[in-house]
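Have a look at the structure below before the remarks.
Just so it is clear, none of the values below were taken in a lab; they were calculated from the coordinates. Quantities reported herein were computed from a predicted structural model and do not represent experimental measurements. Cβ placement follows ideal geometry from the backbone for every residue including glycine, while neighbour counts extend to all protein chains displayed.
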Amino acid sequence: MTKIVGAEVLVTAPGRNYVTLKVTTDEGVVGWGDATLNGRELAVAAYLRDHVCPLLIGRDAHRIEDVWQYLYKGAYWRRGPVTMTAIAAVDVALWDIKGKIAGLPVYQLLGGAARDGVMVYGHASGRDVPEMLDDVARYLDEGYLAVRAQSGVPGLDKTYGIPHEGQTVYEPAAGARPQEDLWDTAPYLRFAPEMLGAVRERFGFGFHLLHDVHHRLTPIEAGRLGKDLEPHRMFWIEDPTPAEDQEAFRTIRQHTTTPLAVGEVFNSIWDCQHLITERLIDYVRTSVSHAGGITHLRRIFALADLYGVRSGSHGAGDLSPVSLAAALHVDLSVPNFGIQEYMGHADPAGEVFRTSYTFKGGYLHPGDLPGLGVEVDEEAAAKFPYDPKYLPVNRRRDGSVHDW
Ligand code: GCO
Ligand code: MG
C-alpha cells in the first residue's frame, strides 16, 4: 500500500487563476491535479479543502478507480462542475503518482502510444477579417495543421474569442464583476460564412479549419449556419447551441453535413450519452479537468468509440498546464482521438508550471518523464495571489440575457 499522507490545495494567479491539488505519499512521491473552474475557482478549492482532502489521508494512492468511486458515489450528490472538477484533480494527481512510482509516463499506463503525436489546433483571431487572416497565416507558418478562426463581427463591439488589448493568449474572464457584451444573432449569421470563406479563399483547403459558435444559436439557426459553411469544408463547428439540450442536435443534424463538436461544459458521461449513442455529434469535447479526470474521460471516449465519435478535448488557457499534460497522455493512447485544443499559457504561468510537452509540425507530445511530466513550483506560485475574475455576460439589444 502506498499511503496518501498529504493533500493540499494551491490557488495561484500567474496571469490568470489556477487551482492546483498536490497529493503526497508516505514515500514522498508528489502528484499534481488541476482543479481550475474559470470564474468559480474558490468553490472547487473549498470543496477539495473542506470535503475531499481530509478523506484522502490514509487511502491507498494506487487504488485510483476505488478512490474515484468513493468520491463520486460516496458524496451521494452526484455530478456537477464543482464536484467533477474536484474529483478530476484527485484522479489526475493519482495517475501522476502511479506513473512516477512505475517510472513511466502516464500514457504508457493507459495502453501506450496509439499514435506518434497529438494533432492540435491553435486559435487565430482578429478584430476584423484582415487581422484574423494575418493571424491564421502566423499559425500556418508555425506548422499548425489545424486552426480555429474567430473574428470581430461588424456592429458588435466585443465578440467571443478576440483578445483584449495587450493579451497574447485570449482570456475572456476579466474584472471583479462580469463584463457585459452585446449579442445580435442576425449580423453574426450573415458574417460567419463570409469570414470563414475568406480564410479558404486566401489559404486554400490544405489544413483543418475550425470555428467556435460558443452556444449562441437556436437549433434551426445552427442548421442554417452549418449548411452555409458546407462549401468551406469545416473540420467542425463547435457548441452551435447551448450544450445542455441534447435533443437540439437532432435538428441541426437534419440540416447539415458540417461536423459538430460539443462538450467543454459537460462534466460526466451522462451529459453526452444521447449525443453519442444517437450519433448526433462528431466530436466530444469533454476535458480531463472538468469531466472527472483521466478515469472518467477514458470511459466517455470508450463509449464514443463504439459510435464513431472522436475526441476533441477542450484545452483553453483556463485549463492549467497540468490539465493539458494529462489530456495529451489520454490523447496519445485512445483509439478514437480526433484533435486537441491548444491555446497555450501566457507567462508568467511558465514560472509556476514546469512542463515537458513539446510541439513539432502541428503535433504535441507529452514527453517521457515518469508521471504527467509537469512540476509545480510552490514558491513561485505563492508570489501570485488569487485575483477574482468573472466570465462575461451577453445581452441582446433589448437588454435580455443571452448565452455567452
Ligand atoms: C474554447 C472555449 C473557451 C471558453 C473558456 C471559458 O473553445 O476554448 O470556448 O474559450 O470560453 O474556457 O472559461
Ligand atoms: Mg469553445
Sequence-separation-based contact order of region 109-370, relative, with Cα cut under 8 Å and 6+ spacing, percent: 21 percent
Region 4-105: D in µm²/s via Stokes-Einstein (Kirkwood Rh, Cα pairs, 37 °C, 0.692 mPa s)? 243 µm²/s
For region 161-167, what does the Karplus curve 6.51 cos²θ - 1.76 cosθ + 1.60, with θ = phi - 60°, yield as ³J(HN,Hα) per residue in whole Hz, taken in order and with x for Gly and Pro? x, 9, x, 6, 3, x, 7
Taking only the alpha-carbon atoms of the chain, what semi-axes of the equivalent ellipsoid follow from 5 times the gyration tensor eigenvalues under a square root, in whole Å, largest first? 34, 22, 21
Taking 56 Å as R0, compute the FRET efficiency from the Cβ-Cβ separation of Asp116 and Arg78 and round it to 0.05. 0.90
Within the chain, the percent of DSSP beta bridges that are antiparallel, given to the nearest 5, stands at 50 percent
Per the C-alpha gyration tensor (a ≥ b ≥ c, the square roots of its eigenvalues), region 114-244 is rounded if a/c is under 1.5, else prolate if a/b beats b/c, else oblate; here it's rounded
Each residue of region 87-101 in turn: what ³J(HN,Hα) in whole Hz from Karplus with 6.51, -1.76, 1.60 and θ = phi - 60°, glycine and Pro shown as x? 4, 4, 4, 5, 4, 5, 4, 6, 5, 4, 4, 4, x, 5, 5
Cross-link candidates for Lys73: which lysines have Cα within less than 26 Å, leaving aside residues fewer than 8 places away along the same chain? Lys3, Lys22, Lys98
I need the phi-derived Karplus couplings for region 220-235: 6.51 cos²θ - 1.76 cosθ + 1.60, θ = phi - 60°, integer Hz, Gly and Pro marked x. 6, 5, 5, x, 5, 4, x, 5, 5, 8, 3, x, 8, 6, 5, 5
If packing is taken as the average count of other Cβ atoms within 10 Å, what order do 183-191, 298-306 fall into, highest mean first? 298-306, 183-191
